[in-house]
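In what follows, a structure is listed as structure tokens, so that the remarks can point back to it.
Taken together, the values in this text are just the output of simple stated rules run on the coordinates, not laboratory data. The model shown is predicted, which means the values in this text are computed figures rather than measured ones. Methodologically, a virtual Cβ is constructed for each residue, glycine included, from the backbone with ideal geometry; neighbour enumeration extends over all protein chains shown.
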Amino acid sequence: MVREVDRILTTHAGSLARPPRLLELLAARAQGRPYDAEEFDRALQQSVREVVQRQVQAGIDIVSDGEQSKAGFFSYVQDRLQGLEPAGEDPGNWRRPWASEVAAFPRYYERYFELNMRGVGPMAFVCTGPIRYTGYDLLRRDIENLQAAMKAAGATEAFLPSTAPRVLGPNRYYPDEEAYLEALAEALREEYRLIIDAGLTLQIDDPGLTDILGPDLFEDPKERRRRAERHVEVVNHALRGLPPERIRFHTCYGINQGPRIHEATMAEVAEHMLKVRAGAYSFEAINGRHQHEWRVWQRLKPSQEVVLIPGLISHTTNVVEHPALIADLLVIYAGLVGRDRVIAGSECGFSSQATSTPEIDPEVVWAKFQALAEGARRASSQLWP
């Protein structure tokens, strides 16, 4: 993480929309249909180059590859982990998201799922054998594409997202869920290590933490806390020995653009989030359900080594946030933890699944990035007069 700065830096949560031809090739690849592998590599390389260039032009300081190579922010592991198979139709309606929300607003969510929950890759897996990391060549390709794009665009800082170890579907191999999770942590550790070894910042994508603390998976609040503590232990086990200053941890409430009444509070999430061995924490901070929660940081005082990345442009609306609001919130966060310990970010990815109907219209995303950069400039002029 860059710390010796004289302004507020900007970044985002990772995923960005893929162009149409790359989407077609990703779909064929994820679904096991024939495709031209050389064309896929060319299209991917070009897409990464373009998406990094546009980030730089929009004023993003710490860029990513937009997860252009991935069918989804977690479903990409189909290609990188031995022992997982796509579940096909979700077995037994396995952990349908946002159950309390769906029960409260059934008509809304019936339409929402029909329009918004279609990706090119699987949404659940079945563990059928020992988990092993096999994605070395694919990860090397992603790293090389990002580094080449950075050089072409003049970007100097970048991060690469990787999913957190969490249950991705039914376990039919390991004796229990604990053994399954530990195997996932050991395997994904390989990806974490190689991203850092390549000189990039590692971002751990983990909406699973907020899922555990929400109302749907576990009814008893004590059980939620116990599960959250265990979840953090598993993440830290995967991160052991890796430099925290090269790791940022991202958690959010998923891509839900609905009412979002039934969610854990930021106070509940932050208590556990700060126990992850990372140097920076990325979280939701601008949407109407969570903008007020900056007050949490009046009570929770992270260590002097920690950087906060509040999400100040949202994946929940196509409205472009005003730079003045972004600046005001950045000044508030800087006042709470220090001006050199805040980076302006986004609440979530803008195309967490590879789809032709991403969460936010792609052109709106670039306008949001420009607003974020302008808000950071305005805040910097107040914080470094």
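For this structure, a couple of remarks:
- By DSSP, the beta bridges lying fully in the stretch 9-383 are antiparallel in about 20 percent of cases.
- Qualifying GluC sites (Glu not before Pro) for the stretch 1-57 [loop in DSSP, other Cβ within 10 Å: at most 15]: E4
- Rel. contact order, % - alpha carbon contacts under 8 angstrom, at least six apart, the chain: 23 percent
- With a simple spin-label model that places each label point 7 Å from the Cα along the Cα-to-Cβ direction, the separation between D176 and R21 comes to 5.3 nm.
- This ranking places C127, C348, C252 by how few other beta-carbon atoms lie within 10 Å of each, fewest first, which gives C127, C252, C348.
- Measuring between alpha carbons in the structure, the pairs from K275/K368; K222/K301; K151/K301 lying more than 28 angstrom apart are K275/K368; K151/K301.
- Estimated D of the stretch 9-383 in µm² per second, where Rh is the Kirkwood radius over Cα pairs and Stokes-Einstein applies at 4 °C, 1.567 mPa s: 62 µm²/s
- Rounded to the nearest 0.05, the FRET efficiency derived from the C-beta distance between L217 and E305 at R0 = 35 Å is 0.65.
- Using R0 = 51 Å, the C-beta based FRET efficiency linking S381 and E85 works out to 0.40.
- Counting neighbouring Cβ atoms within 10 Å and putting the fewest first, the residues M123, M273 line up as M123, M273.
- Distance from the Cα centroid of the stretch 266-300 to that of the stretch 158-202 is 23 Å (rounded to whole angstrom).
- Of the residues Y108, Y76, Y174, the one with the fewest other Cβ atoms within 10 Å heads the list, and the complete ranking is Y108, Y174, Y76.
- Kyte-Doolittle mean at least 0.0, axial Cα span of 24 Å or more - DSSP H helices of the chain: none
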